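Derivation of every value follows stated rules applied to the coordinates shown; laboratory data play no part. In this text, all values refer to a predicted model and were calculated from it rather than measured experimentally. Backbone-built Cβ (ideal geometry, glycine too); neighbour counts: all protein chains shown.
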Amino acid sequence: MKIIIFGASGSGTTTLAHHFSIISGFHHLDSDDYYWLKSERHFEFKRDPQERNTLFIKNFELHDNVVVSGPVFNWNERFFNFFDLVVFLWIPPAIRIKRLIEREKERYGDLLETDEYQKKKYKDFIKWSSGYDQPGFPGRSFELHTRWMNKLQTPIIRIEGDTTIKYRIELIVKKINALSYIRKKTLNS
């Protein structure tokens, strides 16, 4: 089974995919590991799109059970057909932005005050992330994600609100079990 979990930055997609992979044995792929090149300063250099897609597909196809965190649909139109289950996370913007600020402070510490480059990058990131729920926002947004979901022929779980990881995992497991039951029943008919 192939699952994708996506939503706005700070909605918990990577955390949920990580925890789900631990309890389920699914292989976790995070879109950031493919989108960004490893460098001294994180999230600095984007990977060439063709190289990114080739690497992602190679790793994606290595495992029968995969959970992907982060949006990959705009990387290639084919990716809309890659998944058996889609999980979309949405939490209120005030909570999400607070989480992002805390995460960035934890990640970069004093550099957010002492390093002018890192301070600017941090402010730009928070500003960009704050636009997600605004109508007409260019780039990754609630509107874009809704358009993607409307194109999918795949079962979707929409989890809205500041819910626990445990609750989110329970919803995913319940949906997997339901899909497995439907597939078994269809095969036995």
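Results, tabulated for the structure shown:
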quantity	calculated
Given charges at Cβ of Lys, Arg, Asp, Glu: the chain dipole, positive-most of Tyr122, Phe73, Ile97	Phe73
Net dipole in debye of the stretch 2-188 [+1 Lys, Arg Cβ; -1 Asp, Glu Cβ; about Cα centre; nearest 20]	600
For Trp36, distant residues with modelled amide H under 5 Å away	Arg47
Relative contact order %, the chain, counting alpha carbon pairs below 8 Å whose residues are six or more apart	28
Helix 142-151 axis, angle to the chain major axis (alpha carbon atoms, nearest 10°)	20
Structure-derived Rg and Dmax of the Cα atoms in Å - corresponding label in (1) 15.5, 49; (2) 20.1, 62; (3) 17.5, 66	(3)
Gained length - Arg41 relative to Ile165, 0.36 nm times residue gap less alpha-carbon distance	41.7 nm
